[in-house]
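Data block below; observations after.
The values are calculated or read from the model by the stated rules, or taken from the named source; none is laboratory data. Given the structure is predicted, the values throughout are model-derived calculations rather than measurements. Neighbour counts are summed over all protein chains in view; Cβ atoms, including those assigned to glycine, are modelled from backbone coordinates with ideal geometry. Areas reflect the complete protein model, heavy atoms only, side chains present, ligands, DNA and RNA absent. Shrake-Rupley method; radii C 1.70, N 1.55, O 1.52, S 1.80 Å.
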Amino acid sequence: MMDSSAGISLNAKIGALTDKHLAAATELRRAIHAHPEIGFEETETAAAVARFLSPFGLEVRRDVGGEGITALLRGGGCGQAAGTAMEPRRVIGLRADLDALAVTEETGLPFASRIPGKMHACGHDMHAAVLAGAAAVLCELREELRGDIKFLFQPAEETASRPVPGVDPFKVFQRGKTGAQLMIEAGALEDPKVDAIVGLHCWPDLPTGTVGVDPRTAMAGNGVLRVRVLGKGGHGATPHHTIDPVPIAASMILALQTMVSRYNDPADPLVLSITTIHAGTAVNVIPEQAEFQATIRSVKPGYIEGEVSERAVAMVRGIAAAYGAQVDVTCGAGLPVTVNDPPLVRRSLESIEAVLGSGRTVTLDALAMTSEDFAYFAQLVPCVYLKLGVAAPDGCMPLHNPRFAPDEGALAVGIKALVRLAVDLCGDGLTS
Ligand SMILES: [Zn+2]
Ligand SMILES: [Zn+2]
């Protein structure tokens, strides 16, 4: 850590520089919010971020894994602490995601989405603006940095279970890559190699002014179960001439609930939610097929694609056989678990309290069963994933809700937290 006099002066500089760049960061956020683009379509969003970054003298790379951007800031400070042996300069990665969701906005905000059916309902517009604002501030603190900072603006986070075109997802479990995977494949963590990475997400459960940090598991892993029951259709009045797939699917759905309540160890949280179901076209016709899908969440690595998948598939096949129906069923893992690095968690708590004030961090004890493709970065590099409080005093609607409206006051909080943490991690953060 810096000594206290240096810390005070650094915090004062961070505060003043955040004030200086806040209006531009807010403008960027509102522009992105009004023109949401969903995964793999973030052309204008990436262009807006690149325009924002252009005056600051960063080494910017565009089209890194789709619409991804990396921007490198080379610190001007000494690469190692005085009196110590030469060490390679540290490179700290800071990551934001850019994509919106297929949701129609109902906030009524003056800068609400102008595109029907698309909305920044997960706050990625806020993430992009916090990171862009932090980049502006850190560029002005270049001489204070004893390492380098790599800013990663990532597309296509909300695509974890996206099927592969041309592949029947009920027959072959295969899924498309996410933005994080594509950026990693495009070398985003290399040249120079990133030594630690920080992610951040709007968190409606926490009040504005606070930042939550999980001691270990920041986000659950997820998986997908897909089932298509193949029966025999016919007249609704003569069920005895058919194999009705609807009650068979209903039996499967109820039986699958026992995966959580009877099969799983209660000490290890597991979620299995049936989220889509489709059958039939007319009220007097028994359909040929019924389909449903489930999302599965767990924090135990390998559990979903292992035991959970085997048991769920066996259960579905057994029920289909009992009723004389055929079934296509696939089950497999989506995103891995996001696991925080304990030394980075400790440094985050210290750095963020130093800049925001004591009591402004929240150590989160309850597991989050949501998932994040940031997990792919976390598998390769020590990480910490921060949860930025965005609830105004009258509360905040949940993520993915059409009325989700994070408190914009959180922008300055997020910028200050990221900047101070980045400065500290460049210095001594990885050896604490
Ligand atoms: Zn989301
Ligand atoms: Zn999100």
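Can you tell me which residue is most open to solvent (accessible area, probe 1.4 Å) among those in segment 126-147 that are over 29 Å from Thr208 (Cα atoms) and not in a helix (DSSP H, G or I)? Going through the qualifying residues, I end up with Arg146.
Taking the listed residues Leu73, Leu17, Leu28, Leu10, the one that is within 17 Å of Val419 (Cα to Cα), at pLDDT 95 or above and open to solvent by less than 20 Å² (accessible area, probe 1.4 Å) is Leu73, with no other qualifying. Test Arg216 against the criterion of being among the basic types (Lys, Arg), away from ligand 1 (no atom under 16 Å from the Cβ), open to solvent by 40 Å² or more (accessible area, probe 1.4 Å) and out of contact with any Ser or Thr (no Cβ under 7 Å at 6 or more places or on another chain), and give yes or no. Here the answer is yes, as Arg216 does meet what is asked. Within segment 94-125, restricting attention to residues that are touching a Lys or Arg at 6+ places or on another chain (Cβ under 6 Å) and crowded, with 24+ Cβ neighbours inside 10 Å, the residue that is nearest to Val194 (Cα to Cα) is Asp125. Among the residues of segment 97-137, which ones are among the hydrophobic types (A, V, I, L, M, F, W, C), more than 16 Å from ligand 2 (Cβ to nearest atom) and in contact with an Asp or Glu (Cβ under 9 Å, 6 or more places away or on another chain)? Scanning segment 97-137 gives Ala112, Ile115.
Of all residues in segment 325-369, those being modelled with pLDDT of 95 or more, in contact with a helix residue (DSSP H, G or I) (Cβ under 9 Å, 6 or more places away or on another chain), more than 25 Å from Leu206 (Cα to Cα) and not hydrophobic (A, V, I, L, M, F, W, C) number 2. Cβ-Cβ distances below 6 Å connect no pair with a first residue in segment 304-319 that is not assigned by TED's automatic domain parsing to the domain that holds Ile274 and acidic (Asp, Glu), a second residue that is at pLDDT 95 or above and assigned to a helix (DSSP H, G or I), and a separation of six or more residues or different chains. Out of Ala392, Ala410, Ala417, Ala422, one residue alone is surrounded by fewer than 24 Cβ atoms within 10 Å (Cβ to Cβ) and of a type outside the set (Asp, Glu). It is Ala392.
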